[in-house]
Amino acid sequence: MAAPGSSPPPARDPRAHEAAPDRYAVVGNPVAHSQSPFIHAAFARQTGQAIVYERVLAPRDGFAAAVRAFADAGGRGCNVTVPFKFEACAIAPRRSERAALAEAANVLRFDAEGWWADNTDGVGLVRDIEHTAGVPLAGRRVLLVGAGGAAAGVLGPLLQARPAALWLVNRSPDRARALAARHAALAATHGVTMAAGGLDDAPAGCHVVVNASASSLQGQASPVQARVLAPGALAVDLMYGAAAEPFLEWARAAGAVARDGLGMLIEQAAESFFDWRGVRPDTRPVLQALRARLEAS
């Protein structure tokens, strides 16, 4: 599905392998840990697309300059990771509806019409929860923890999945309320009861809990108490690897089904690939290969 309010680029000519490969990258700080080059290389092999995909370490105060240098050197687009998602949206003159609503972007595309920003995090998360994990969101009680760039990117698609109610909580309640206010019309359109507040305002008995806060990066098990989890709830941390382990252990100990962010990472990457190339890869074998790769490392 193309980003709302936008049209996908035309599918690449199957003879594209005869030309020089197009350049893409992930831009962030830190970025050395990123699995995006592995993922997009796998997508390219699967779909016959001629691309190279790199990592670009941007200075904390030099994101725009780093992206501009990459584009000027022939880059066709990039993924954007922490801490630059808000800035990525701000520097793009054109935005998808979901990026504009989130005010954050994890995808940039450079073409003849100028720079274009999208946010594929939310659709990636929803696809992973509903299709890969097999947990429907419609009619459920959902808790989203965090109000930064990651939470901003996933809130809209979570509301579009029509849960019965969604709570947004954050260490800073005002940030949570501001993010919720920006999405109030979307929640009403989809019949979702939405509330926002501090971490202590998180309700008990949620069917799906999504940790989009920075707690995993800080080595914390969970920013909320185990009472938020309904029996058999799905608890998802948007991080993966060692950073996600404390949250996953916390969730399992509380009787929840624990899930890391690898599935979301693959799904949002597939949507990014579609933004750039106009073709959608099969994510299942790539997710299996990535899990095997990480387990072997």
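No value in this document is a laboratory result; all are computed from the given coordinates. Values in this document were obtained by computation on a predicted structure and should not be read as measured data. A quick note on method: Cβ atoms are made from the backbone with ideal geometry, for glycine too, and the neighbour counts reach across all protein chains shown.
With contacts defined as alpha carbon pairs under 8 Å and 6 or more residues apart, what's the relative contact order of the chain in percent?
Dividing the mean separation by the residue count of the chain yields 17 percent.
Where does the charge balance sit around W116 when Lys and Arg score +1, Asp and Glu -1, over other residues with C-beta under 9 Å from its C-beta?
-1
Place a +1 charge on the Cβ of each Lys and Arg in region 169-297 and a -1 charge on the Cβ of each Asp and Glu, then give the dipole magnitude about the Cα centre in debye, rounded to the nearest 20.
Here region 169-297 has a charge dipole of around 140 debye.
Can you pull the Kirkwood radius for region 131-260, inverse mean 1/r over Cα pairs, to one decimal in Å?
Hydrodynamic radius (Kirkwood, Cα only) of region 131-260 equals 14.3 Å.
Based on the alpha carbon coordinates of region 208-297, what radius of gyration and maximum Cα-Cα distance (Dmax) apply, in Å?
Computed over the Cα atoms of region 208-297, radius of gyration and Dmax are 14.6, 44 Å.
Using the number of other C-beta atoms within 10 angstrom as an exposure proxy, rank T120, T47, T81 with the fewest first.
T47, T81, T120
Compute a Gaussian network model of the chain, connecting alpha carbons closer than 10 Å, and tell me which residue from L159, L57, L168 fluctuates the most.
Judging by the Gaussian network model, the answer is L57.
Just want the answer: with Cβ charges of +1 for Lys and Arg and -1 for Asp and Glu, which residue in L158, V27, P37 is farthest toward the dipole's positive end in the chain?
L158
Based on alpha-carbon atoms only, what is the radius of gyration of region 84-189 relative to the globular estimate 2.2 N^0.38 Å?
1.09
Give me the extension gain from A226 to A64: residue separation times 0.36 nm, minus the current Cα-Cα distance, reported in nm with one decimal.
54.3 nm
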